[in-house]
1. Looking only at strands (runs of 3 or more DSSP E) that fall completely inside the stretch B:275-366, which ones have 2 or more residues that are touching a Ser or Thr at 6+ places or on another chain (Cβ under 6 Å)?
2. Scan the strands (runs of 3 or more DSSP E) fully inside the stretch A:77-176 and keep the ones with 3 or more residues being in contact (Cβ under 8 Å) with a residue 60 or more places away in the chain and within 30 Å of B:N235 (Cα to Cα).
3. Search the stretch A:221-242 for residues that are more than 22 Å from B:R220 (Cα to Cα) and at pLDDT 95 or above and pair each with any residue that is of a type in the set (S, T, Y) and open to solvent by 10 Å² or more (accessible area, probe 1.4 Å) when their beta-carbon atoms are under 6 Å apart and the residues are at least 6 apart or on different chains.
4. State all residues of the stretch B:47-104 that are more than 9 Å from chain A (Cβ to nearest Cβ) and among the hydroxyl-bearing types (S, T, Y); if no residue qualifies, say none.
5. Which condition does B:P359 not pass, out of (1) away from chain A (no Cβ under 14 Å); (2) surrounded by fewer than 23 Cβ atoms within 10 Å (Cβ to Cβ), if it passes all the others?
6. Considering only the stretch B:143-155, state which residues are in contact with a strand residue (DSSP E or B) (Cβ under 9 Å, 6 or more places away or on another chain) and open to solvent by less than 30 Å² (accessible area, probe 1.4 Å).
7. Which residue pairs have Cβ atoms under 9 Å apart, sit 6 or more places apart or on different chains, and have a first residue in the stretch B:270-294 that is under 10 Å from B:M310 (Cβ atoms) and a second that is in a helix (DSSP H, G or I) and open to solvent by 40 Å² or more (accessible area, probe 1.4 Å)?
8. Does any residue of the stretch B:269-292 turn out to be among the polar types (S, T, N, Q), surrounded by fewer than 24 Cβ atoms within 10 Å (Cβ to Cβ) and within 14 Å of chain A (Cβ to nearest Cβ)?
Protein chains: 2
Amino acid sequence: MVSRDGSHRDEALAEFARDEYGARIDRIRRLMAENDLGAILVTSEVNFRYITGYQSQTWISPTRPRYCVLPLKGDPIVVSPVTFLVGMRQTSWISDIRSWPAPRPEDDGVSLVRDAVWECVGRGGRLGAELGPETRLGMPVADFLRLRDAIAPVEVVDAGTIMTRVRMVKSEAEVGRIRRVARIVSKSFDAVPGFLSKGRSEKDVCRDLQIEILRNGADRSPYLVGVSDRGGYPNINVGPSDRLLDDGDMLVIDTGSTLDGYFCDFDREFFLGRPSDQIRQLHEKLWKVTETGIASIRPGRRVCDVWAAMAAALDEMSLGAADVGRMGHGIGMVVTEPPSVHPADTTIIQTGMVLTVEPGLSFMSETANGARKVMVHEENVVVTPDGCELLSVRASPDLTTVL
Amino acid sequence: MVSRDGSHRDEALAEFARDEYGARIDRIRRLMAENDLGAILVTSEVNFRYITGYQSQTWISPTRPRYCVLPLKGDPIVVSPVTFLVGMRQTSWISDIRSWPAPRPEDDGVSLVRDAVWECVGRGGRLGAELGPETRLGMPVADFLRLRDAIAPVEVVDAGTIMTRVRMVKSEAEVGRIRRVARIVSKSFDAVPGFLSKGRSEKDVCRDLQIEILRNGADRSPYLVGVSDRGGYPNINVGPSDRLLDDGDMLVIDTGSTLDGYFCDFDREFFLGRPSDQIRQLHEKLWKVTETGIASIRPGRRVCDVWAAMAAALDEMSLGAADVGRMGHGIGMVVTEPPSVHPADTTIIQTGMVLTVEPGLSFMSETANGARKVMVHEENVVVTPDGCELLSVRASPDLTTVL
């Protein structure tokens with residue numbers, strides 16, 4: 001069954017004004033032309049939403065794939081399961097929507113996509129798809145390989161990098177959302193000392209923070225990790241657990257929370273009781289490294305320069321870097337996006353990029369029998385013509401203590 | 001860099017007792033042997049967690065892939081970015097953990113996985129991977145294709161179906177989690193009439209429900225959709241929006257909420273003011289169709305028989321089925337898992353399967369100028385030796401009204 005259904009976009013449900021998508025498509029097409037692509041095919045939630053405006057929570061189910069073919073010229077084509085048609089029409093501006101009754105494992109939209117590709121690029125062109133670093137395909141690989149065979153001799157090459165490069169630079173409307181959610185989360189973190197106390201578990205505290213974030217107006221906290229231990233925390237990405245908090249514990253909470261489909265991503269630390277001099281001093285030093293990182297951001301520099309500035313600051317204070325692999329990254333529709341604040345990433349910083357500044361250090365804790373601990377600070381910024389603007393409310397140089 | 005790090009599983013962080021994983025691996029290996037597979041490679045969050053016990057919220061970031069190679073005989077091998085090692089050791093029982101400093105796009109673990117595959121299957125064997133229906137690869141396709149070339153002549157075939165078949169039948173420990181979260185959500189739905197009123201938006205009500213679900217002890221509501229409209233709702237998967245509720249509106253809320261990594265998935269309906277006779281009668285009839293579906297579940301029958309029972313009940317009452325494509329599905333670590341309650345799915349029902357029973361109908365609403373609306377009811381059950389047990393607290397046959 002093929003049905004062609006026009007869009008009937010409902011402005012109350014639309015994610016952004018229509019011109020936001022026009023600007024995105026112009027930028028994508030410039031890179032498509034440079035890379036000699038007749039069309040690109042996107043199947044991942046974020047790239048599909050970025051182009052079409054279609055929003056739906058149903059992406060958490062892998063049962064039914066969705067496809068968008070964006071040609072270099074002419075109208076984009078959406079291939080969608082029947083069950084998503086109402087939402088597709090209400091939230092997307094795209095009018096050429098073709099559908100099939102999914103699930104249908106023997107042909108889950110593949111033949112419709114093949115026809116759409118042929119219409120857009122002919123039989124000798126090149127098609128871009130989400131193949132490269134940090135991409136995930138939104139369809140089964142077996143179907144992707146079947147499609148690749150079916151459209152031969154059309155050549156399929158990576159377009160993940162194109163989508164990433166375009167998405168790296170945010171519009172004002174996008175930055176506005178990240179700013180709002182970063183403010184909401186900052187305000188919510190301020191409430192933590194009110195419900196953090198000896199005898200409560202990491203899970204209790206994280207649940208109360210999640211409720212606070214919702215109450216303050218965010219939509220969801222898909223990432224909300226809390227890790228605690230005596231005299232420092234050993235990592236930043238396991239938990240929260242049922243571990244009960246006690247005097248002498250340090251707790252870090254890191255959250256990627258969303259508002260209208262955009263993430264903030266930063267952490268805050270809390271100490272129960274009186275921190276040792278070592279902990280207080282390391283905290284203050286790492287706060288200064290973060291300052292150095294923030295101050296080093298400017299259009300025209302490379303993200304590896306930001307890494308180098310923080311690495312030099314850590315070195316100068318004789319601090320050992322944490323084993324996290326990088327000291328920041330892009331954020332937006334995904335909680336971690338390119339670029340990486342990493343020595344090998346030479347991406348040029350541009351106005352409108354939204355980045356996390358996330359230096360970390362490793363140390364042997366004096367109050368935990370010399371056990372190895374880490375300390376990681378994180379803030380969110382948007383790049384401006386002169387430098388950058390903080391989106392998160394800057395953490396205090398003094399470690400937050402709860403007595 | 002290759003480091004081999006033994007597991008140091010922290011029982012407080014472990015997802016299940018050690019024997020849960022032993023039983024899973026035995027079941028997977030039986031199907032591997034039947035399918036002549038020397039090993040399987042898993043990269044998706046759920047299958048990785050199902051085998052290794054590794055739990056981490058970091059899966060929401062696509063930056064760093066993780067791999068597990070499970071041989072037909074001998075110890076499984078995990079290939080992990082350095083940054084996840086601490087969590088891997090704390091939560092997984094697997095001792096052969098090999099790592100590299102990710103991100104490293106030129107070789108993001110691929111050569112380590114190649115070596116692991118060769119160790120496990122030799123150079124002439126068959127490797128299963130997540131390729132087929134309803135699977136998603138947890139790594140970029142370009143890296144998957146590179147790996148496939150690198151391990152030639154090892155043949156790569158689908159093992160997604162094997163993982164799915166094993167995961168379909170839940171252990172008592174798994175059912176216990178789904179039961180707990182289904183009870184929490186049932187209790188939370190009971191609170192909705194207390195905060196549902198004229199003038200509030202869909203978003204307001206859904207946010208309050210999300211807070212209620214957290215307060216009652218669940219971890220998260222990754223799926224929480226609310227749709228309302230006058231005289232019935234037009235779909236079940238778009239929203240919640242800023243639409244303000246008014247007298248004469250019908251609201252459906254559907255949520256996939258989690259506890260300790262397991263989902264429940266069911267919906268409830270609410271009516272503001274007095275529903276028309278048409279709405280009340282349709283609601284009661286659809287409630288009966290759900291009863292028919294629940295009563296038809298029994299080990300040895302096929303899921304398509306459950307579909308047929310509900311389709312016949314709809315037909316008998318001259319009701320048109322909603323355009324959703326199926327009338328139920330599996331649930332577990334994913335909000336929708338195979339099987340599908342669909343005429344083409346001949347999966348044999350077994351004790352321990354957890355299913356949604358989800359019949360839907362389509363109608364022209366008399367109080368909305370004949371506009372097309374849908375009505376979808378949903379409950380969660382676990383299959384028992386004699387039939388099935390409700391996990392959600394059964395909805396009332398009378399439509400919940402808020403005056």
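1. On the way: elements: B:337-340, B:354-357, B:360-365.
Those strands (runs of 3 or more DSSP E) span B:337-340.
2. Working: elements: A:77-81, A:96-100, A:126-129, A:155-158.
Ranges flagged: A:96-100.
3. Final answer for the pair search is A:G231/A:T367.
4. Matches in the stretch B:47-104: B:Y50, B:T52, B:Y54, B:Y67, B:S80, B:S92, B:S95, B:S99.
5. (2)
6. So the first thing to find is which residues in the stretch B:143-155 are in contact with a strand residue (DSSP E or B) (Cβ under 9 Å, 6 or more places away or on another chain), and the list is B:144, B:147-148, B:151, B:154-155.
Scanning the stretch B:143-155 gives B:F144, B:L147, B:I151, B:V154.
7. Partner pairs satisfying both residue conditions: B:T292/B:A312; B:G293/B:W307.
8. Taking every residue of the stretch B:269-292 in turn, none turns out to be among the polar types (S, T, N, Q), surrounded by fewer than 24 Cβ atoms within 10 Å (Cβ to Cβ) and within 14 Å of chain A (Cβ to nearest Cβ).
The values are calculated or read from the model by the stated rules, or taken from the named source; none is laboratory data. No experiment lies behind these values; they were computed from the predicted model shown. Glycine gets a Cβ as well: all are built from the backbone with ideal geometry, and neighbour counts include every protein chain shown. To get the accessible areas, we keep the full protein, side chains included, count just its heavy atoms, and leave off ligands, DNA and RNA. Shrake-Rupley method; radii C 1.70, N 1.55, O 1.52, S 1.80 Å.
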